[in-house]
Amino acid sequence: MTANQKFNELQSGLDEIREFLLSKMKHGKDGFYWETISLDNKGVFSSGFNPSLWNGTGGIAWFFLALYENDGKEKDLETAEKAFAIIYQYSIDRKIANPSLYDGISGVIYLGLELFRVTGKSVYLEQVTEIYTIYRKKIMAEQTEDLLIGLSGILTAVCMLYHFTEDPKTGKDIVILATTLLEKSLVAESGIKWGKNQLSMDSLCGFSHGNAGIGFCLLQLGKYFENDELIWLAEQAFRYEDIYYDASTNNWMDLRWEASKNNLPDLFDWNKKTFQPEDFDLNAWAHGACGIGNARISAFKITSNPAYKKDCKKIFERCKNDIQTRAKRNHILFSGYGGLSDFLLQYHQVFGDQEALELATEITLEGLRKSRENHHSGWGIQNSEDLGLMTGTAGIGFSILQMIKGRSFNSILHPELPASKQSTILKDLKIKKRFFERYYPQTLQVLKTFAQFQESVYDSNTIEEFGQNLLDIITNLPEKTSNYISDLHQLETFKIEIQKDHKGALCFQTRLNILKKELQELTENNPSDLHKKHFVRNPFIYIYESRFNWKEENHKHSEEGKYENLFYNTDEELFHLMPDPFTSVILQLLETSLSIEELAEYFEYSKEEKGFVEEKLREQIQELLKNYFVRIVE
């Protein structure tokens with residue numbers, strides 16, 4: 001096909017999809033709507049009115065608004081406006097259950113603001129302000145962090161509202177939401193992560209529910225409010241995700257959990273190698289390289305860091321491979337080739353890569369052909385009619401529209417904030433200071449009683465660099481004071497290493513269930529037959545020796561000596577215990593696998609006392625097994 005033939009084919013297909021969606025449109029009392037697919041809590045599909053951007057009337061209305069903005073047809077604007085009219089009425093009747101961007105009230109706000117931006121009609125700004133007032137309490141109560149259903153997506157919509165209204169109260173809400181997101185951040189093996197991981201192997205990678213989407217939101221906030229620390233925080237999320245980059249697949253791992261993973265060998269070890277053989281290796285807008293590409297290409301545009309260009313090149317190669325091998329099942333936006341096509345258009349725009357444009361054209365034309373085969377309705381996970389934006393026909397139309405224009409739009413696929421806002425509402429957030437102080441609270445409290453230091457100490461790029469900055473201040477104090485505070489500093493540094501190693505709630509609970517099963521099997525067999533077994537300390541139990549007793553409130557008056565600190569890292573919190581010396585020695589020795597007889601060799605006793613010592617060790621081991629401090633190993 002010539003370039004002109006391809007253009008005509010795409011334009012003809014877009015016109016068909018426009019007419020198809022209009023033919024499916026319903027006329028209600030308050031406006032237009034479409035009956036779209038939804039899934040209830042019991043896993044049953046049904047069809048009806050749904051206001052969401054994801055797969056409801058909101059997303060289809062947004063598609064028609066995009067058509068109008070690019071083609072100028074009044075019929076498309078009328079369709080979008082009358083669809084929003086019914087969504088608005090539904091919203092003010094307080095019928096929307098959740099606050100999210102893609103499937104909740106923040107999406108309604110986003111759509112209304114898009115209508116205001118395109119048309120300049122003040123009624124839309126008034127309506128979304130009314131909706132925000134009605135749902136504000138629900139919006140501000142959200143605790144999930146991600147872009148799809150949580151704080152990151154909500155912040156995008158609320159910032160857009162602030163941009164157009166400049167309302168001081170909305171500005172304060174942005175500070176609260178951004179602070180909530182910051183307070184949920186966690187130190188990681190590399191960088192910073194979000195997610196307590198009740199249903200994942202570690203905090204998720206990816207755009208929809210993972211750290212890429214959160215990082216993308218932070219990038220937009222940093223650019224908009226000209227706040228370098230927000231951009232720094234975003235880049236920490238990308239550092240975390242790179243832990244789970246798998247060069248063998250040229251993809252970032254999908255860390256979501258499925259019951260089948262319960263049968264993986266070495267599950268108790270719970271590390272990257274444990275899960276690599278069974279990784280889903282998905283590449284889509286929602287999960288994997290393509291969605292991560294949305295964040296990395298935005299990071300390159302904002303920071304000009306060449307490392308992000310390298311990331312984008314890898315992602316381009318992965319998308320290219322998936323197109324050439326036809327590895328995907330559909331062409332929809334959230335899970336199919338539609339998401340890949342959008343990334344390829346971005347890649348072409350930013351880096352001038354012609355092959356990316358050709359691949360996007362090829363796969364979009366194929367999507368059109370398959371859409372025609374199914375009369376423009378056979379999409380979605382239920383393999384039947386799905387008209388939605390992210391899940392069906394409207395998304396196919398949007399891919400075609402972008403292809404006709406030869407560029408990726410600022411869209412709900414990667415919603416960017418305006419270039420910048422001369423606003424100081426986030427100037428007092430002090431992101432680095434808040435984050436670093438959370439991990440050295442006692443050291444800072446004690447240090448401030450002995451020394452004054454500049455705020456520049458917080459201008460560190462990593463938690464390790466901040467810890468070293470504190471240590472430099474401590475070592476310049478008088479020797480006695482320095483020794484005293486450095487002991488606390490070392491203890492808190494050790495605790496940070498524990499927290500870096502924490503993989504979340506599912507990891508701890510799975511390990512605990514394995515230990516319970518092993519203990520039950522031991523009890524059912526011969527619980528007294530422990531002498532033939534080998535034991536090892538569990539990976540969530542840590543022993544650390546300090547010179548002062550920092551567990552005591554009056555640690556200033558504790559005598560210098562040797563204090564054994566035991567840390568028990570659960571799914572809820574890090575417990576700090578002070579074990580008795582005998583227990584402490586056993587746990588220290590069991591860093592490696594030992595039998596009771598081998599343990600006994602580390603103690604001094606006469607030949608006559610051997611049986612007594614081994615019996616005492618057996619009793620202690622039995623107690624440690626019951627409390628899941630140690631486990632039996634083969």
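Total residues in region 506-533 satisfying the condition of being modelled with pLDDT of 95 or more and crowded, with 17+ Cβ neighbours inside 10 Å: the figure is 6.
Sort out which residues of region 583-609 are out of contact with any helix residue (DSSP H, G or I) (no Cβ under 7 Å at 6 or more places or on another chain), in a helix (DSSP H, G or I) and over 14 Å from L566 (Cβ atoms), and write them in order of number. Residues satisfying the conditions are E598, K607, E608, E609.
For region 286-329, a residue qualifies if it is outside any helix (DSSP H, G or I), out of contact with any helix residue (DSSP H, G or I) (no Cβ under 8 Å at 6 or more places or on another chain) and open to solvent by 50 Å² or more (accessible area, probe 1.4 Å), and the qualifying residues are S304, T325, R326, R329. Screening H376 on (1) on the phi < 0 side of the Ramachandran plot; (2) touching a residue at least 12 places away in the same chain (Cβ under 8 Å) shows it passes everything except condition (1).
When each of A234, A212 is tested for being closer than 22 Å to R438 by Cα, crowded, with 24+ Cβ neighbours inside 10 Å and touching a residue at least 40 places away in the same chain (Cβ under 8 Å), the lone residue that passes is A234. In region 480-501, of all residues being open to solvent by 10 Å² or more (accessible area, probe 1.4 Å) and touching a strand residue (DSSP E or B) at 6+ places or on another chain (Cβ under 6 Å), the one that is farthest from G561 (Cα to Cα) corresponds to K500. Note on region 215-231: among residues that are assigned to a helix (DSSP H, G or I) and aromatic (F, W, Y), the one that is surrounded by the most Cβ atoms within 10 Å (Cβ to Cβ) is F216.
The set of residues in region 246-255 that are open to solvent by 40 Å² or more (accessible area, probe 1.4 Å) and of a type outside the set (S, T, N, Q) contains only A247.
Does S122 qualify as being within 30 Å of R511 (Cβ to Cβ), open to solvent by 20 Å² or more (accessible area, probe 1.4 Å), among the small types (G, A, S) and over 14 Å from the mean Cα position of the chain (by Cα)? Taking the combined requirement at face value, the residue does not satisfy it.
This table checks each residue for (1) within 28 Å of the chain's Cα centre (by Cα); (2) closer than 20 Å to A295 by Cβ; (3) open to solvent by less than 10 Å² (accessible area, probe 1.4 Å).
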{"position": "L368", "(1), (2), (3)": "no, no, yes"}
{"position": "N374", "(1), (2), (3)": "no, no, no"}
{"position": "D386", "(1), (2), (3)": "yes, no, yes"}
{"position": "A394", "(1), (2), (3)": "yes, no, yes"}
{"position": "S408", "(1), (2), (3)": "yes, yes, no"}
{"position": "P418", "(1), (2), (3)": "yes, yes, no"}
{"position": "S423", "(1), (2), (3)": "yes, no, no"}
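Of the residues making up region 180-192, those that are open to solvent by 20 Å² or more (accessible area, probe 1.4 Å) and in a helix (DSSP H, G or I) are T180, E183. Residues considered: Q382, Q402. Of these, the only one that is modelled with pLDDT of 95 or more and open to solvent by less than 60 Å² (accessible area, probe 1.4 Å) is Q402.
Within region 126-162, restricting attention to residues that are hydrophobic (A, V, I, L, M, F, W, C), more than 27 Å from the chain's Cα centre (by Cα) and farther than 22 Å from L67 by Cβ, the residue that is surrounded by the fewest Cβ atoms within 10 Å (Cβ to Cβ) is I134. L477 fulfils the conditions (1) assigned to a loop (DSSP other than H, G, I, E, B); (2) modelled with pLDDT under 95; (3) open to solvent by less than 40 Å² (accessible area, probe 1.4 Å) except for a single criterion, (2).
Cβ-Cβ contacts under 8 Å between residues 6 or more apart (or on different chains), taken from a first residue in region 453-478 that is over 22 Å from K500 (Cβ atoms) to a second residue that is part of a helix (DSSP H, G or I) and open to solvent by 30 Å² or more (accessible area, probe 1.4 Å), are listed as F453/I473; E455/K433. One residue stands out in region 555-582 among those that are over 30 Å from N197 (Cα atoms), outside any loop (DSSP other than H, G, I, E, B) and open to solvent by less than 80 Å² (accessible area, probe 1.4 Å): the one that is modelled with the lowest pLDDT, namely H555. Would you check if there is a residue in region 547-554 being at pLDDT 95 or above, out of contact with any helix residue (DSSP H, G or I) (no Cβ under 6 Å at 6 or more places or on another chain) and open to solvent by 70 Å² or more (accessible area, probe 1.4 Å)? No - not one qualifying residue is present in region 547-554. Being touching an Asp or Glu at 6+ places or on another chain (Cβ under 8 Å), open to solvent by 20 Å² or more (accessible area, probe 1.4 Å) and not in a loop (DSSP other than H, G, I, E, B) holds for only one residue in I176, I243, and it is I243.
The values are calculated or read from the model by the stated rules, or taken from the named source; none is laboratory data. Note that the coordinates shown come from a computational prediction; the quantities given were computed from them, not determined experimentally. Glycine gets a Cβ as well: all are built from the backbone with ideal geometry, and neighbour counts include every protein chain shown. Protein only, heavy atoms only, side chains kept; ligands, DNA and RNA dropped before computing areas. Shrake-Rupley method; radii C 1.70, N 1.55, O 1.52, S 1.80 Å.
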